[in-house]
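Since the structure comes first, as structure tokens, the remarks are kept for the end.
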There are 2 protein chains.
Amino acid sequence: MADEVRNKQVILKNYVSGFPKESDMEIVTSSIRLKIPEGNKDAVLVKNLYLSCDPYMRGRMTKRDTPTFVPSFELGKPMNGYGVVKVLDSTHPNYKKGDLAWGFTGWEEYSLITSPQLLIKIEHTDLPLSYYTGILGMPGVTAYAGFYEVCSPKKGEFVYVSAASGAVGQIVGQFAKLMGCYVVGSAGSKEKVDLLKNKFGFDDAFNYKEEPDLDAALKRYFPEGIDIYFENVGGKMLDAVLLNMRIRGRIAVCGMISQYNLENPEGVHNLASIIAKRIRMEGFLAGDFYHLYPKFLEMVIPYIKQGKIVYVEDVAEGLESGPTSLIGLFTGRNVGKQLVVVARE
Amino acid sequence: MADEVRNKQVILKNYVSGFPKESDMEIVTSSIRLKIPEGNKDAVLVKNLYLSCDPYMRGRMTKRDTPTFVPSFELGKPMNGYGVVKVLDSTHPNYKKGDLAWGFTGWEEYSLITSPQLLIKIEHTDLPLSYYTGILGMPGVTAYAGFYEVCSPKKGEFVYVSAASGAVGQIVGQFAKLMGCYVVGSAGSKEKVDLLKNKFGFDDAFNYKEEPDLDAALKRYFPEGIDIYFENVGGKMLDAVLLNMRIRGRIAVCGMISQYNLENPEGVHNLASIIAKRIRMEGFLAGDFYHLYPKFLEMVIPYIKQGKIVYVEDVAEGLESGPTSLIGLFTGRNVGKQLVVVARE
């Protein structure tokens, strides 16, 4: 039709086992009419501005037999995930043309969203809009819920964060400092370790790739042990942490990125230590905590404006960079929150 | 001295790695005067009636570099553990000759206890005294705290108990039935499975040794998944359970008996499932819950008297049977709570 525009899309070509490759995805060009088709009540048609690359998306690239909290991607259709969108057309009473929102959208230039209950309207536009893929979006809620709700932190406690310069880890570390904890982070490069120490204010940090003995490293950084472990990586790191937890320690399990591309996950051998040390280990999803989002914003926005919390993003330009950016999460190529700019307005 | 009596003792001869053997322990004969020596304030001298064989004792048979919640046994000295004792002499204001108590005592005929704060006086003597090594003692508190406090059970939930005919498991299963849960237990013989189904009232039970695929077995017994797993065994069983937990499931980690004799514990591979399912896994020790002991007795004693809770013991006669009985826990030789009768009164 004459009034259609080009709609570039990122689709998943095939389901993945092991490490994902760029060639598992493909950029295709479709077209779309920038008006909601007749008969779609409570829908919005949006222009996608920023797309979020998140580790949990790896699970969706594999066909799952059993249902999980988010379904596998559909082959041949645009992938989807968190993003920041601008409303171009709306039949939903809460949205009008020009509104900004963040939430679930397609990996494409324009999306027709028929379930706008998965969107949250953006009220504060005096901060970088891209932050709604990170500190003001799902990763922010993840850090907030995981640290304050799951870890039950207390002033003076010893906190360890793995993948600490990532989208969530950098926020957790700064929350922990604001709470008066002693915080050490680990990451996979000198550049990231420098960020942790010099930009995010971690008390200390180390490059796990340079530590042949993770148990020894943790004993060096936590001679008195760890009260709180914010778990982003799993596998060998978790095994080493279990040997270094203190009595009544808490492990908030946010992710296990080291395991997502393994056909057979690594074994964790030191679980028995959770008995004598009365350790609580708890998995959580940001999705269970969105009722806290207004309270979270009320806390975090002033901190950002006052410079008490900073946020580092790794910004890729153009929808075409989506596949590379997503895969880069699993090699640790990204420095800070990985996002993709589809359009700036 | 003329007024001394024989005092047979079980001592640990050497520290153990791997599977313990009878020859790691030895029966020796010492002598003791049945009167508290001068200068011992706040002590009791007791006759040991019943000794408790508990899986945690395996850890104490190994020399540990790092301190844990109970220290290693001292070589050449009588082993110690939970037991039921009769006071023969006392310099402690709370105890007088003839009092009965349970708590920490020696693996010997008579013990001088200089820390009677590790004893709890027995007030209810109208139940079998041996029960104070089991349902009315540490295993009872373990089951109570683990189930009600750690698992936060709700009526109608699906509960799985491993090592279910053991000292703790049989109580947990009966608590779960009283709470209105659906309960399945596993054990290692037909005799034990029969006990679970016919004596303890589990809804179903299976012999894990006859299940080549534990995941498939759990899917058969829990087609809708498991809300609560009372963990006594660890290793492969935990791995299978993790695949079958329901959303917001809870795993109370009481013990991991399958791992205690391994030089290198087995790896647990399915931990990542605790994220998407928001599973809480928590280790606990009865020792943190003794403040609930009066409340626990108030609940459990009427149930026992009314026959609503039954308790099966495996009673070995004579202190000499201590080493065999203790080792039998790790081959599953015992049927029900393993205890040793040193003397009946």
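Yes or no: residue A:292 in contact (Cβ under 8 Å) with a residue 60 or more places away in the chain, crowded, with 21+ Cβ neighbours inside 10 Å and closer than 21 Å to residue A:168 by Cα? Spelling it out, it is not the case that residue A:292 is in contact (Cβ under 8 Å) with a residue 60 or more places away in the chain, crowded, with 21+ Cβ neighbours inside 10 Å and closer than 21 Å to residue A:168 by Cα.
On the stretch given as region A:315-329, residues that are over 18 Å from residue A:9 (Cβ atoms) and crowded, with 20+ Cβ neighbours inside 10 Å total 1. Counting only residues that are within 28 Å of residue B:288 (Cβ to Cβ) and in contact (Cβ under 8 Å) with a residue 40 or more places away in the chain, region A:253-280 holds 1 of them.
All conditions but one from (1) touching a residue at least 40 places away in the same chain (Cβ under 8 Å); (2) more than 23 Å from the chain's Cα centre (by Cα); (3) more than 14 Å from chain B (Cβ to nearest Cβ) apply to residue A:189; the one that does not is (2). Can you pull out every residue in region B:116-138 that is farther than 16 Å from residue B:310 by Cα and more than 12 Å from the chain's Cα centre (by Cα)? Those that are farther than 16 Å from residue B:310 by Cα and more than 12 Å from the chain's Cα centre (by Cα): B:116, B:117, B:118, B:119, B:120, B:121, B:122, B:123, B:124, B:125. Looking only at region B:10-25, decide whether some residue is polar (S, T, N, Q), at pLDDT 95 or above and assigned by the TED database to the domain that holds residue B:327. Yes, region B:10-25 contains a residue that is polar (S, T, N, Q), at pLDDT 95 or above and assigned by the TED database to the domain that holds residue B:327. Quickly run through region B:292-345 and pick out the residues that are on the phi > 0 side of the Ramachandran plot and more than 18 Å from the chain's Cα centre (by Cα). B:307, B:318 - these are the residues of region B:292-345 that are on the phi > 0 side of the Ramachandran plot and more than 18 Å from the chain's Cα centre (by Cα). Residues that are surrounded by fewer than 16 Cβ atoms within 10 Å (Cβ to Cβ) and of a type outside the set (D, E, K, R) were ranked within region A:330-343; the one that is farthest from residue A:187 (Cα to Cα) is A:343. Being part of a loop (DSSP other than H, G, I, E, B), modelled with pLDDT of 95 or more and either farther than 21 Å from residue A:240 by Cα or among the aromatic types (Phe, Trp, Tyr) (or both) is a description that applies to residue A:155. Number of residues in region A:109-145 that are assigned to a helix (DSSP H, G or I) and of a type outside the set (Gly, Ala, Ser): the value is 12. The sole residue among B:110, B:144, B:160 that is in the same structural domain as residue B:74 (by the TED database), of a type in the set (Phe, Trp, Tyr) and buried (at least 22 other Cβ atoms within 10 Å of the Cβ) is B:110. Examine region A:46-60 for a residue that is surrounded by fewer than 22 Cβ atoms within 10 Å (Cβ to Cβ) and among the β-branched types (Val, Ile, Thr), and state whether such a residue exists. No, every residue in region A:46-60 fails to be surrounded by fewer than 22 Cβ atoms within 10 Å (Cβ to Cβ) and among the β-branched types (Val, Ile, Thr). Checked against (1) more than 21 Å from the chain's Cα centre (by Cα); (2) assigned to a loop (DSSP other than H, G, I, E, B); (3) small (Gly, Ala, Ser), residue A:72 passes all but condition (1).
Part of a loop (DSSP other than H, G, I, E, B) and among the aromatic types (Phe, Trp, Tyr): is that true of residue B:19 in this structure? Against the criterion (part of a loop (DSSP other than H, G, I, E, B) and among the aromatic types (Phe, Trp, Tyr)), residue B:19 qualifies. Within region B:34-69, the residues that satisfy the criterion of being in a strand (DSSP E or B), more than 21 Å from residue B:135 (Cα to Cα) and under 23 Å from the mean Cα position of the chain (by Cα) are B:46, B:47. When residue A:302 is tested against the conditions (1) within 30 Å of residue A:124 (Cα to Cα); (2) free of Cβ contacts under 8 Å to residues at least 40 places away in the same chain; (3) touching a Phe, Trp or Tyr at 6+ places or on another chain (Cβ under 7 Å), the lone failure is (3). Please verify whether residue A:233 is within 21 Å of residue A:173 (Cα to Cα), surrounded by 22 or more Cβ atoms within 10 Å (Cβ to Cβ), of a type in the set (Val, Ile, Thr) and at pLDDT 95 or above, treating the condition exactly as stated. Yes: the conditions hold for residue A:233. The helices (runs of 4 or more DSSP H) found entirely in region B:224-335 that carry 1 or more residues being more than 12 Å from chain A (Cβ to nearest Cβ) and touching a His at 6+ places or on another chain (Cβ under 7 Å) are B:293-305.
Yes or no, residue by residue, for (1) aromatic (Phe, Trp, Tyr); (2) within 29 Å of residue A:279 (Cβ to Cβ):
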position	(1), (2)
B:47	no, no
B:56	yes, yes
B:62	no, yes
B:76	no, no
B:85	no, no
B:95	yes, no
B:105	no, no
B:114	no, no
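Results for (1) closer than 29 Å to residue A:14 by Cβ; (2) without any contact (Cβ under 8 Å) to a residue 24 or more places away in the chain; (3) of a type in the set (S, T, N, Q), shown as yes or no for each residue.
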site	(1), (2), (3)
A:64	yes, yes, no
A:78	yes, no, no
A:87	no, no, no
A:101	no, no, no
A:106	yes, no, no
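For region B:259-275, the criterion of a residue being within 16 Å of residue B:142 (Cβ to Cβ) and of a type in the set (D, E, K, R) is satisfied by no position. Of all residues in region B:1-45, how many are more than 13 Å from residue B:326 (Cα to Cα), among the small types (Gly, Ala, Ser) and exposed (fewer than 14 other Cβ atoms within 10 Å of the Cβ)? Summing the residues that are more than 13 Å from residue B:326 (Cα to Cα), among the small types (Gly, Ala, Ser) and exposed (fewer than 14 other Cβ atoms within 10 Å of the Cβ) in region B:1-45 gives 5.
Looking only at residues of region A:198-215 that are of a type outside the set (A, V, I, L, M) and either under 21 Å from the mean Cα position of the chain (by Cα) or not assigned by the TED database to the domain that holds residue A:185 (or both), we find that the one that is nearest to residue A:239 (Cα to Cα) is A:208. Residues in region A:182-216 that are surrounded by fewer than 22 Cβ atoms within 10 Å (Cβ to Cβ), among the hydrophobic types (A, V, I, L, M, F, W, C) and outside any helix (DSSP H, G or I): A:206 only.
The values are calculated or read from the model by the stated rules, or taken from the named source; none is laboratory data. Just so we're clear, the structure is a prediction, and the values are computed from it rather than from any experiment. Cβ sites come from the backbone with ideal geometry, for glycine too, and all protein chains shown count toward neighbours.
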